[in-house]
Amino acid sequence: MLLEDYSSPFEPDFHLTRLSRRALAVLGREWLLHGHLQDRVGMPQVMAFATREQMQDIAIVEWMAASPIYSPRTQWALNFEPGTVATILKNIQLDIGAPHHFMDFRCRVHDDEHGEFWLAHCGALMDVEPMGEEFVQGMCHDIEDPTFDATAAMSHPQAQIRPLHRPPRTPADRHPHCHWTVTINHDAEPVAPHPNAAIVARSKIASIDLEMPAGNAEPGGWADYSGDFDPDFELEDLSHRALVVALQEVAVQSHLLFRCYLLAVAQAFGEDKATAAAPGVFTGLAGLTAQRLVPAMKIGGDGADAVAKLLQVHPMFWPHTYVKTSVAVLDDDRVRFALLPCPALDEDDDYTWFAQLGGDGDRALDAIVQAVNPRAVCHAVATAGAERLAFEAVIERDAEPAREAPEIGLAKFSSGASFVFTPRRPVRV
């Protein structure tokens, strides 16, 4: 029987395929939001040594390098062809830049070369408006203009996304928050890819294969997204197999975005700055996502079983073709967590979540397990067998509860930290 959440006992061999379609949709929205919130931690790290304008440049380069890699991957994984406005809008619906409901994109296709979208709710705008008009201008103009076109170009090189209106909002309560046209303009200069996209394309994560389930463990839903564009698309529309594939691609998007972030920081400010920023971003994002996953997946209790289950569903440790882990409950208060030989540990650079493990990056593992119990802490231990890195998460019952990592506080500046997803429809039959 498939799991409707992970309130059931810990399963040593847990896999996404164990979850029902409804549970996969719940988890998928959390994973989309996880990827989106990376910059809520990453950009403050940059602002510690850079100007606002330099921070914006990092964000532009980051997204312009990442989306041209993961957008075609998504098209292939869910079997929809490039070349039309519908493809552009389908990509948006499956992009970590547009997590469902929090970034409430509403879309319309007029024909193969014309369409539009608007945001009924923009969580990102809610985050930056209190920071002032300069930050709104930076996000909604300076960052969006080049990055929207870079994403659209992966469907057609002459695609253009142009505003009908966008913030700063006048009046202050204007809705929708923004409104854009999507056009394939055959007279336009083709959009040139950012040079960093070619660099990132050489990484192992860029071309990683996924685990493709042989069939569906549950009936219903679309086998892929090859059919007509649906403006009201929800994850609940996909079949069980398609959801398992889509969630793995969402995890890939997050790995790629972090790689592009660190590459951009290193190019602009040096490798030392990128190395110093990485553990903080890892800690803040990993910890916040862990805190959200506990209630989302109904992981109850404060013991080793709950810690182990949380490690199994955290997107930073997926897909398993890229990040190979083992999780074992040793007793009521101890979990052994190990990284096994895998491509994530064999990249040719340090632009991964895991490059700083064994050092300052270990704080991120503490942040994850402390989402279950603030008295939990991870200790590096000797490896055994094929393990490359090994840790024990130990719940020290008599210890003082750990203080929340300051980087999680940075992430909680976003309204996404407390955003509550409400399913809009049941799974499609």
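The values are calculated or read from the model by the stated rules, or taken from the named source; none is laboratory data. Nothing here was measured: the structure is a model prediction, and the numbers come from that model. Ideal geometry is used to build each Cβ from the backbone, glycine not excepted, and the neighbour counts take in all protein chains shown. Just so you know, the surface numbers come from the protein's heavy atoms only, side chains and all, with ligands and any DNA or RNA stripped out. Shrake-Rupley method; radii C 1.70, N 1.55, O 1.52, S 1.80 Å.
Can you find a residue that is surrounded by 12 or more Cβ atoms within 10 Å (Cβ to Cβ) and among the charged types (D, E, K, R) anywhere in segment 201-209? Checked against the condition, which is being surrounded by 12 or more Cβ atoms within 10 Å (Cβ to Cβ) and among the charged types (D, E, K, R), segment 201-209 yields at least one hit. Contact annotation: residue pairs with Cβ atoms under 6 Å, 6 or more positions apart or on different chains, pairing a residue in segment 228-241 that is touching a residue at least 40 places away in the same chain (Cβ under 8 Å) with a partner that is assigned to a loop (DSSP other than H, G, I, E, B) and crowded, with 20+ Cβ neighbours inside 10 Å, are 236/427; 238/221; 239/221.
Of the residues making up segment 142-182, not one is among the β-branched types (Val, Ile, Thr), buried (at least 18 other Cβ atoms within 10 Å of the Cβ) and either in a loop (DSSP other than H, G, I, E, B) or more than 25 Å from the chain's Cα centre (by Cα) (or both).
Per the listing 272, 228, 224, the residue uniquely open to solvent by 60 Å² or more (accessible area, probe 1.4 Å) and outside any helix (DSSP H, G or I) is 228. Evaluation of residue 387 against the conditions (1) surrounded by 14 or more Cβ atoms within 10 Å (Cβ to Cβ); (2) at pLDDT below 95 shows that the sole unmet condition is (2).
Pull up segment 392-426, narrow it to residues that are β-branched (Val, Ile, Thr) and outside any loop (DSSP other than H, G, I, E, B), then point me to the one that is most open to solvent (accessible area, probe 1.4 Å). Explain how you work it out, then say what you get.
Restricting attention to segment 392-426, the residues satisfying the condition of being β-branched (Val, Ile, Thr) are 394-395, 408, 420, 422.
So of that shortlist, the ones also outside any loop (DSSP other than H, G, I, E, B) come out as 394-395, 408.
Details: 394: 30, 395: 11, 408: 5 Å².
Selected residue: 394.
State which residue is surrounded by the fewest Cβ atoms within 10 Å (Cβ to Cβ) when the search covers only segment 237-265 and only residues that are assigned to a helix (DSSP H, G or I) and hydroxyl-bearing (Ser, Thr, Tyr). The extreme case among them is 254.
Test residue 344 against the criterion of being crowded, with 18+ Cβ neighbours inside 10 Å and among the small types (Gly, Ala, Ser), and give yes or no. Spelling it out, residue 344 is indeed crowded, with 18+ Cβ neighbours inside 10 Å and among the small types (Gly, Ala, Ser). When residue 422 is tested against (1) in contact with a helix residue (DSSP H, G or I) (Cβ under 8 Å, 6 or more places away or on another chain); (2) closer than 20 Å to residue 32 by Cα, just one condition goes unmet, and that condition is (1).
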